[in-house]
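The values are calculated or read from the model by the stated rules, or taken from the named source; none is laboratory data. Computed from a predicted structure; not experimentally measured. A quick note on method: Cβ atoms are made from the backbone with ideal geometry, for glycine too, and the neighbour counts reach across all protein chains shown.
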Amino acid sequence: MPYEVPQLAYAYDSLEPYIDAQTMQLHHDKHHGAYVNNLNKALEGHPDLAALPIEKLLAKINEVPEAIRGAVRNNGGGHANHSLFWSLMKRNDGAKPKGALLAAIDTAFGSLDQLKAAFNDAGLKQFGSGWAWVAIDPNTNALSVLARPNQDSLYMEGKVPLFGNDVWEHAYYLKYQNRRAEYLEAWWNVLNWEAVAARYDDVLASIPVG
């Protein structure tokens with residue numbers, strides 16, 4: 001079965017005023033749609049690869065035939081990155097992380113405010129297009145802030161993304177123009193901390209012990 005763009009669990013305008021409805025519709029339907037279409041086209045004739053979950057496909061990127069590796073890296077990364085992005089957003093109305101997730105944030109960064117500062121700085125300094133991430137190291141369970149260019153996936157490095165923010169201009173330009181810093185700050189108002197906490201628990205539960 002070919003890869004598909006996941007449906008949003010919320011309306012295009014439900015993240016207003018922080019992310020506008022027009023950006024959401026174009027970003028989800030057109031930009032993500034193009035990544036999926038190009039990925040499926042690249043994998044024609046490779047049913048064994050096309051049958052893999054996108055995370056496993058990207059983790060095996062060096063085993064993908066060289067002729068299609070670049071297309072899979074770019075478009076597969078775009079599909080994985082955006083699928084996670086959509087799943088972890090909703091208006092949070094000032095909610096904050098708690099429990100095990102908050103403890104992990106405090107251990108890694110000192111406080112939520114320090115995490116936000118490091119994350120925003122990574123996103124602001126990412127030259128050109130790319131993403132800012134909070135990643136989980138499956139060897140240590142430690143959290144870290146990373147920035148990566150284009151649609152490069154953390155799965156290609158053996159790391160697991162916990163959450164990330166898209167700093168390609170298509171993610172914010174209609175509303176924020178060149179004001180990436182303003183977009184990065186506003187985005188914290190639409191991070192679904194409950195969903196992030198559930199993902200954190202699921203990732204830790206899936207990491208082999210010993």
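Just a few scattered comments:
- Of the residues examined, Asp48 is one that is modelled with pLDDT of 95 or more and either on the phi < 0 side of the Ramachandran plot or of a type outside the set (Phe, Trp, Tyr) (or both).
- Which listed residue is hydrophobic (A, V, I, L, M, F, W, C) and within 29 Å of His31 (Cβ to Cβ), from Leu154, Leu102: Leu154
- Residues in the stretch 1-46 that are assigned to a helix (DSSP H, G or I), without any contact (Cβ under 8 Å) to a residue 60 or more places away in the chain and more than 22 Å from Trp188 (Cα to Cα): Asp29, Lys30, Gly33, Ala34, Val36, Asn37, Asn38, Leu39, Asn40, Lys41, Ala42.
- Verdict on His32 being under 30 Å from Lys116 (Cβ atoms), at pLDDT 95 or above, in contact with a Leu (Cβ under 7 Å, 6 or more places away or on another chain) and not assigned by TED's automatic domain parsing to the domain that holds Ala171: no
- Within the stretch 62-74, tally of residues that are in a helix (DSSP H, G or I) and buried (at least 17 other Cβ atoms within 10 Å of the Cβ): 4
- Only one entry of Asp93, Asp121 meets the criterion of being within 18 Å of Tyr18 (Cβ to Cβ) and among the acidic types (Asp, Glu), and that entry is Asp93.
- Any hit, the stretch 169-179, residues being surrounded by fewer than 20 Cβ atoms within 10 Å (Cβ to Cβ) and either closer than 30 Å to Pro208 by Cα or among the polar types (S, T, N, Q) (or both): yes
- Candidates Ala100, Ala118, filtered to the one that is of a type in the set (Gly, Ala, Ser), modelled with pLDDT of 95 or more and either more than 27 Å from Thr140 (Cβ to Cβ) or surrounded by 15 or more Cβ atoms within 10 Å (Cβ to Cβ) (or both): Ala118
- Filter result for Gly164 (in a strand (DSSP E or B), modelled with pLDDT of 95 or more and either under 15 Å from the mean Cα position of the chain (by Cα) or of a type outside the set (Asp, Glu) (or both)): yes
- Given (1) touching a Pro at 6+ places or on another chain (Cβ under 7 Å); (2) within 23 Å of Lys90 (Cβ to Cβ), number of the condition Asn40 does not satisfy: (2)
- Of the residues making up the stretch 169-183, one or more are in a loop (DSSP other than H, G, I, E, B), within 26 Å of Pro17 (Cα to Cα) and touching a Ser or Thr at 6+ places or on another chain (Cβ under 8 Å).
- Selection status of Ala147, modelled with pLDDT of 95 or more, in a helix (DSSP H, G or I) and closer than 25 Å to Ile207 by Cβ: no
- Taking every residue in the stretch 97-113 that is in the same structural domain as Asp201 (by TED's automatic domain parsing) and more than 17 Å from Asp202 (Cβ to Cβ) and pairing it with any residue that is loosely packed, with under 15 Cβ neighbours inside 10 Å and hydrophobic (A, V, I, L, M, F, W, C), at least 6 positions away or on another chain, the pairs with Cβ-Cβ distances below 7 Å are Ala108/Ala142.
- Considering Gly123, Gly77, the condition of being in a helix (DSSP H, G or I), under 22 Å from His28 (Cα atoms), within 17 Å of the chain's Cα centre (by Cα) and in the same structural domain as Leu154 (by TED's automatic domain parsing) is satisfied by Gly123 alone.
- Flag not set for Ala186, criterion: at pLDDT below 95 and not in a loop (DSSP other than H, G, I, E, B).
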